[in-house]
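A short worksheet on the structure shown next.
The values are calculated or read from the model by the stated rules, or taken from the named source; none is laboratory data. What you are looking at is a predicted structure, and each value in this text was computed from that prediction instead of being measured. When we count neighbours, we look across all protein chains shown, and the Cβ atoms used for this are built from the backbone with ideal geometry, even at glycine. Calculation scope for accessible area: heavy atoms of the full protein, side chains included, ligands and nucleic acids excluded. Shrake-Rupley method; radii C 1.70, N 1.55, O 1.52, S 1.80 Å.
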Amino acid sequence: MRTGDKILFLIFFLFMILFAILQTFHLYYSTENRVAYISQNGKIIKRINMENFGIQEKRTMTINGPYGTNIITMKKGQIAVTYADCPDKDCIRRGWLSHNGDSAVCLPNRLSIKVKGRAEISQVDGTTY
């Protein structure tokens with residue numbers, strides 16, 4: 001390989017790395033059509049379009065589980081578990097979920113919240129198999 005070929009190969013390689021990084025950021029920070037899926041006992045009980053909330057509007061939702069109650073609060077582009085009867089309260093400590101792939105789980109009440117964007121919903125990844 002000549003020096004010119006090595007330089008071209010290096011430029012192409014750096015371009016591919018930059019493209020992969022930008023694609024990852026786009027999937028993670030994209031706000032297009034984000035949907036929060038609230039599941040209990042493995043069944044989706046509610047789908048919430050996170051872009052439909054007004055800027056000042058907050059909504060709460062109460063879900064009863066086998067070991068108590070969870071209160072979920074939703075506002076523009078964010079969702080969080082704000083109250084839980086469970087002893088460890090890991091789901092509350094998770095905080096506000098707003099990015100694609102964010103999730104919160106309350107194991108005692110068998111409740112989970114997962115945020116998915118349009119790109120994540122339509123693609124199959126390696127963990128699916």
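How many residues are open to solvent by 70 Å² or more (accessible area, probe 1.4 Å) and within 17 Å of the chain's Cα centre (by Cα) if we restrict to region 55-84?
1
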*Scan region 85-104 for residues that are on the phi < 0 side of the Ramachandran plot, over 9 Å from the mean Cα position of the chain (by Cα) and surrounded by fewer than 17 Cβ atoms within 10 Å (Cβ to Cβ) and jot them down.*
D85, P87, D88, D90, R93, R94, W96
*Residue that is modelled with the lowest pLDDT, among those in region 6-39 that are open to solvent by less than 60 Å² (accessible area, probe 1.4 Å) and out of contact with any Asp or Glu (no Cβ under 8 Å at 6 or more places or on another chain)*: S30
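Conditions tested, residue by residue: (1) within 23 Å of E57 (Cβ to Cβ); (2) modelled with pLDDT of 85 or more; (3) in contact with a Ser or Thr (Cβ under 8 Å, 6 or more places away or on another chain).
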{"site": "G77", "(1), (2), (3)": "yes, no, yes"}
{"site": "T82", "(1), (2), (3)": "yes, yes, yes"}
{"site": "K89", "(1), (2), (3)": "no, yes, no"}
{"site": "A104", "(1), (2), (3)": "yes, yes, yes"}
{"site": "R110", "(1), (2), (3)": "no, yes, no"}
{"site": "G117", "(1), (2), (3)": "yes, no, yes"}
{"site": "V124", "(1), (2), (3)": "no, no, no"}
*If you go through region 72-98, how many residues are part of a strand (DSSP E or B) and within 22 Å of K116 (Cβ to Cβ)?*
10
*Of all residues in region 40-64, count the ones that are more than 15 Å from S103 (Cα to Cα) and modelled with pLDDT of 85 or more.*
9
